[in-house]
Amino acid sequence: MTTTTSNEARTHWAELIDGVRVEPVHITRRGRPVAVLVDPEFYERAVQALEDAEDVAAARAARAEGGPTVTHEELLRELGIEA
């Protein structure tokens, strides 16, 4: 993990941008964390994983409510999708 201050980040911006291909870069200001620079592919994977986790939690909550259910085939039929 690379850590740098916000002042150093301004001075060495190009190097930091190149460095995120290898590992995240943590930026601090007055000794406190303020940002993390990450590779775009890592960011997209992280966001997708969070969205997937939210979907799973929502599905579990819906099942716990005990409402009506439909089969996979019924859902496909309702959506007009051929199985």
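The values are calculated or read from the model by the stated rules, or taken from the named source; none is laboratory data. Owing to the predicted nature of the structure, the values given are computational and were not obtained by experimental measurement. Don't worry about glycine lacking a Cβ; one is built from the backbone with ideal geometry, like all the others, and counts go over all protein chains shown. Please note that ligands, DNA and RNA were not included when accessible areas were found on the heavy atoms of the full protein model with its side chains. Shrake-Rupley method; radii C 1.70, N 1.55, O 1.52, S 1.80 Å.
For the reader, a short list of remarks on this structure follows.
- Local electrostatic count, S6, Cβ distance below 11 Å [Lys/Arg +1, Asp/Glu -1]: +3
- The chain - mean residue ellipticity at 222 nm from DSSP helices (-39,500 (n - 2.57) per run, n ≥ 4, rounded to 500): -17500 deg cm²/dmol
- Using only side-chain charges placed at the Cβ, +1 for Lys and Arg and -1 for Asp and Glu, the dipole size of region 9-83 relative to its Cα centre rounds to 740 debye.
- Exposure of V56 as accessible area (Å², to 10), given a probe of 1.4 Å and all protein chains: 70
- Averaging 1/r over each pair of different alpha-carbon atoms in region 1-72 and inverting the result gives 15.1 Å, the Kirkwood hydrodynamic radius.
- Cut-off 13 Å between beta-carbons: net charge of the residues surrounding E44, Lys and Arg +1, Asp and Glu -1: -3
- Counting only DSSP beta bridges with both residues in the chain, the antiparallel share comes to about 55 percent.
- Length-normalised contact order for the chain - Cα pairs under 8 Å, 6+ apart - percent: 20
- Between R21 and A59, the FRET efficiency estimated from the beta carbon spacing at R0 = 30 angstrom works out to 0.25.
- Helix 40-65 vs. the chain, principal-axis angle (Cα, 0 to 90°, nearest 10): 30
- Within the shell defined by Cβ-Cβ distances under 12 Å, the residues around I27 carry a net charge of +3, with Lys and Arg each +1 and Asp and Glu each -1.
- Alpha-carbon centroid distance for the pair region 2-37 / region 44-83, whole angstrom: 39
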